[in-house]
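The values are calculated or read from the model by the stated rules, or taken from the named source; none is laboratory data. Note that this is a predicted model, so its numbers are computed, not measured. To get the accessible areas, we keep the full protein, side chains included, count just its heavy atoms, and leave off ligands, DNA and RNA. Shrake-Rupley method; radii C 1.70, N 1.55, O 1.52, S 1.80 Å.
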Amino acid sequence: MKNHDDFSAQELELHIKHCGDLMKSAMARYELSGCLGDRGEADGWRMAMERAIAARGPAQVIAMENYKGLYVR
């Protein structure tokens, strides 16, 4: 797997979404089964998503804030 530094901004956002989707899927399985392995998998995907979010560059964060109307100068 590539290092987060090697992702383009678009690739990083897709990776974040993918990790989130996998986290939700594993959590849904855990809610049905009570299996701690599913819960552990969900936590692993959550942590991977959080690492990817933290890897966003400053320009990417500003662009996202501007797009959502959150950036105040």
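Calculate, for the chain, the solvent-accessible area per residue in square angstrom, rolling a 1.4 angstrom probe over the heavy atoms of the protein chains. Intermediate values should be presented prior to the final figure.
Working: 5320 Å² over 73 residues.
Accessible area per residue: 73 Å².
Only helical DSSP H runs with n ≥ 4 go in: add -39500 (n - 2.57) per run for the chain, normalise by residue count and round the 222 nm mean residue ellipticity to 500 deg cm²/dmol.
Values: 3 runs with 54 residues, N = 73.
Here the helix-only value at 222 nm equals -25000 deg cm²/dmol.
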In the chain, what percent of the accessible surface is made up of carbon and sulfur (1.4 Å probe, ligands and nucleic acids excluded)?
59 percent
Computed over region 1-61: relative contact order in percent, which uses C-alpha pairs under 8 Å that are six or more apart
40 percent
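On a full-extension model of 0.36 nm per residue, what is the gain between D43 and N3, subtracting their alpha-carbon distance, rounded to one decimal in nm?
Between D43 and N3, full extension yields an extra 12.4 nm.
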Compute the angle between helix 58-67 and the longest alpha-carbon principal axis of the chain, please, reported from 0 to 90 degrees and rounded to the nearest 10.
90 degrees
Each residue of region 28-40 in turn: what ³J(HN,Hα) in whole Hz from Karplus with 6.51, -1.76, 1.60 and θ = phi - 60°, glycine and Pro shown as x?
4, 4, 4, 4, 7, 9, x, 6, 5, x, 5, 5, x
